[in-house]
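FYI, it's all coordinate maths here, none of it is from the lab. Just so it is clear, the model here is predicted, and its values are computed rather than measured. Cβ placement follows ideal geometry from the backbone for every residue including glycine, while neighbour counts extend to all protein chains displayed.
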Amino acid sequence: MPIGQHSTAPNMARVQRSSTVDLITAQLRNAIYDGLLLPGSQLHEAIVAQQLGVSRGSLRESAQRLVQDGLLVARPGQGLRVATVGVEDLESLYAARLVIEEAALRTLAGLPGREARRGRLATVIPLLERLEEWDAGKGVPGSPRAIGDTDLELHFETVKAAGNLRLAHFMTSLVMETRIASLGHPRGYIVRTDVGEVHRQRLELVLSGRGDAAVEQLGEHFRDTLDRLTGRVPATVATAAVEQPEKDQQLGPIAT
């Protein structure tokens with residue numbers, strides 16, 4: 001089953017004329033994001049190159065990019081493995097996310113006028129409405145995977161909406177790490193299924209120009225999330241487990 005039919009990793013911009021190495025890199029990023037290459041799993045060079053229909057040299061070059069991005073780990077004598085993000089890393093991960101997302105929220109809230117803010121959030125609002133429809137049980141229910149994807153995409157698109165390329169670049173990495181942490185969590189990939197109202201409250205604060213209040217609300221949301229993920233406090237919100245991809249799925253050949 002080719003990747004890319006379920007979850008697509010966040011990306012700052014589409015490359016107009018992609019090289020083979022670019023395409024391989026995107027394919028592997030999507031496979032990690034989608035859970036086809038699970039945290040800690042070994043990347044068998046010969047097998048992956050055959051599945052993708054590419055040379056081992058091109059695959060190695062692409063893999064080195066992902067090593068530099070922290071998505072793959074190279075160990076002498078052990079080859080390449082998908083990176084892991086453990087429960088013990090969650091505090092620092094969410095602290096980093098708070099720094100980036102706080103800057104974006106303050107930028108958006110500081111724009112002159114509600115319409116200007118709403119215009120910047122044009123890609124975010126449809127994601128919020130989708131989550132709210134699922135919260136209310138309207139239409140086709142969202143699967144746990146779809147809810148998790150939409151939730152992360154909303155966080156990412158909010159940062160992109162601030163218009164700061166460096167913030168978006170950092171957020172790209174942090175979203176990938178968040179997904180790796182979720183896929184590798186000891187209790188499985190568990191998502192909160194009633195998150196729409198939380199996002200609505202925060203975006204309304206941004207639209208009203210109340211940046212400080214939006215940041216405070218995000219901090220509270222992250223603290224609740226950490227309490228749930230680290231097991232410090234039993235979950236008091238609706239959650240569901242994301243079904244992991246079937247084992248032994250192959251990566252589809254790339255279209256060059």
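Brief remarks follow.
- Net charge of the neighbourhood of residue 79, taken over other residues with C-beta under 12 Å away and scored Lys/Arg +1, Asp/Glu -1, is +2.
- Across all directions, the average flat footprint of the convex hull enclosing the Cα atoms of the stretch 50-150 is 11.3 nm².
- Note on the chain: with charges restricted to the Cβ of Lys and Arg (+1) and Asp and Glu (-1), its dipole about the Cα centre is near 620 debye.
- Pair residue 185, residue 38: separation of 7 Å Cα→Cβ label points (nm): 1.6
- The label-point distance for residue 165 and residue 230, in a model that sets each label 7 Å from Cα toward Cβ, rounds to 3.6 nm.
- Only one residue of 112, 198, 236 has its Cα farthest out toward the positive end of the dipole of the stretch 87-241, where Lys and Arg carry +1 and Asp and Glu -1 on Cβ, and that residue is 112.
- Local electrostatic count, residue 21, Cβ distance below 11 Å [Lys/Arg +1, Asp/Glu -1]: 0
- Along each principal axis, Cα extent of the chain, largest first, Å: 54, 42, 38
- Mean Kyte hydropathy of 1.6 or more with a Cα span along the axis of at least 20 Å, helices from DSSP in the chain: none
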